[in-house]
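Read the structure below first, then the notes.
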Amino acid sequence: RRAAEMNAELRKREQLARQEAELQKRLLYSLFMQAPTPIVILRGADHVIELANPLTCMVWGRSEAEVVGKPLIDALPELHEQPFKQLLDDVLRTGVPYVGKETRARIDRHGDGTIDTVFFNFVYAPLRGIDDSIEGILMIAFDVTDEVTAREQMNRLRASAEAASRTKDEFLAMLGHELRNPLGVMSTAVALLSNVSDDAD
């Protein structure tokens, strides 16, 4: 009887633990889906998209139905020639997170072959299972396209202003050189004229 009671207690605890885990999973899912930044969960060696929150779908230009359940490269084939899959493979293999800074991505947001260039700060973090094996990757990204574009534009304007300043300096230097020759002749003539007497022709 004591053994039966202990088994019943164990089953009750296991059930409560499962319910708690399910509740935590639903809460985490809700937080991810409402997050103000792109979040993606990828599973397995093919990086199958398990979760892509609404901001991710907006950045990618694809609906949730178009991406969830597909390997990342199948969902976004334009990434094939870009470094992201290799970075994901490395994180999955080593378990070492990867942090990208102002990384350029080319994405077909409109589905018509027109490629938009965007810039992200992002983190690829390994997701570990109960046995500590790496089962997938959590990706959190921050779109910094506006900041990078503004800085690049400022750099172009600065370079343009510096080039204009150099051109002005070169022009003034050339003008000074060109004026020295006739001014030298004129100053010699003035010097000669000043030595001539007042009654001379």
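Phi-derived couplings, Karplus 6.51 cos²θ - 1.76 cosθ + 1.60 at θ = phi - 60°, listed residue by residue for the range 132-149: 6, 6, 7, 9, x, 9, 9, 10, 10, 10, 10, 6, 10, 4, 4, 5, 5, 4 Hz, with x used for Gly and Pro.
Give the lysines whose C-alpha is closer than 27 Å to that of LYS70, dropping any in the same chain fewer than 8 places away, or say none. In chain and number order, the partners are LYS25, LYS85, LYS101. Ratio of Rg to Rh for the chain: 1.52 [Cα atoms; Kirkwood radius as inverse mean 1/r over pairs].
Think of the chain as having a plus end and a minus end, set by charges on the Cβ of Lys, Arg, Asp and Glu; of ALA21, PRO38, VAL99, ALA21 sits farthest toward the positive end of this dipole. Apolar share of the accessible surface for the chain: 58 percent from carbon plus sulfur atoms, 1.4 Å probe.
The heavy atoms of ARG13 offer some 150 square angstrom of accessible surface to a 1.4 angstrom probe.
Only Lys, Arg, Asp and Glu carry charge here, each on its Cβ (+1 for the first two, -1 for the last two); on that basis the range 30-85 has a dipole of about 120 debye about its Cα centre.
Report, in deg cm²/dmol and to the nearest 500, the calculated mean residue ellipticity at 222 nm for the chain, where each DSSP H run with n ≥ 4 adds -39500 (n - 2.57) and the sum is divided by the residue count.
-18500 deg cm²/dmol
Across every direction, the projection of the convex hull enclosing the Cα atoms of the range 127-176 has a mean area of 5.7 nm². Normalised by 2.2 N^0.38 Å, where N is the number of residues, the C-alpha radius of gyration of the range 61-100 stands at 1.31. Rolling a 1.4 angstrom probe over the protein heavy atoms with all chains in place gives the chain an accessible area of 70 Å² per residue.
In angstrom, the C-alpha Rg and Dmax of the range 58-138 are 13.8, 44.
The values are calculated or read from the model by the stated rules, or taken from the named source; none is laboratory data. None of the values given here were measured: they were computed from a predicted structure. Here Cβ is always computed from backbone atoms with ideal geometry, including for glycine, and neighbour counts include all displayed protein chains. Ligands, DNA and RNA are excluded from the accessible area calculation, which covers all protein heavy atoms including side chains. Shrake-Rupley method; radii C 1.70, N 1.55, O 1.52, S 1.80 Å.
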